[in-house]
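Student: Encoded as structure tokens, here's the structure I'll be asking about.
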């Protein structure tokens, strides 16, 4: 059994404080594309939101488990902690809610690469990591995330560097996703417009 955690609790400051996960893309909420890919890979999906008030906005997704932040103003770490604490499986894939082209085969690769490690995290050629497109063993990540928050750290990599990590190179990921679209995220109105054009043209298939 495996799980995926989708982080949807951000304030959307770069998008005019809109609920990014619910932005309409050709008649569908953005998060639905993320869910659509992950449902083919994992057994359980958890959606992390700020609080119950925000969670009520996700009425169409009530079939999934929701996790609510126990800490305020701690950024993604709060959502990661609450989401992993709600997870009942040993390993969990964590993704942001604005990644519409998550590649199923890449996710499966990361689960395989996480065996025997606390995490499997993609690493680009320049050393840049993709911690919000990675698989974590829940218990160690929970422990280190609590420590990071307790120490006043809010960057995502604070707990990661305390883990036994298998860093997965882009050469392995490109075997399944040559253009690395799996890492694409949506941060601006221009990104939304381009995403709508991509799906309108139909030149990419969700989850592949």
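Taken together, the values in this text are just the output of simple stated rules run on the coordinates, not laboratory data. Please read these numbers as outputs of a predicted model, since none were measured by experiment. Virtual Cβ from ideal backbone geometry, glycine too; neighbours counted across all protein chains shown.
Student: Would you mind computing, in nm to one decimal, how far apart the modelled labels at residue 199 and residue 70 are, each placed 7 Å from Cα along Cα→Cβ?
Tutor: Result for the modelled spin labels: 3.5 nm.
Student: Quick one: 89, 171, fewest Cβ neighbours within 10 Å first, how do they rank?
Tutor: Numbers: 89 16, 171 8.
Sorted ascending by nearby Cβ count, the order is 171, 89.
Student: Kindly state, to the nearest 0.05, the FRET efficiency for residue 176 paired with residue 43, given R0 = 35 Å and r defined as their beta-carbon distance.
Tutor: Efficiency for this residue pair is about 0.95.
Student: What length, rounded to one decimal in nm, is gained on full extension from residue 112 through to residue 154, with 0.36 nm per residue of separation minus their alpha-carbon distance?
Tutor: Length gained between residue 112 and residue 154: 12.3 nm.
Student: Quick one: length gained pulling residue 189 to residue 124 fully straight, 0.36 nm per residue minus the C-alpha distance? Let's see the in-between values first.
Tutor: Values: separation 65, 0.36 × 65 = 23.40 nm, distance 2.60 nm.
Gain on extension, residue 189 to residue 124, equals 20.8 nm.
Student: Considering only the chain, what is the antiparallel percent among its DSSP beta bridges, to the nearest 5? Provide the component values of the computation, followed by the final result.
Tutor: Values: 10 of 29 bridges.
Here the share of antiparallel DSSP bridges comes out near 35 percent.
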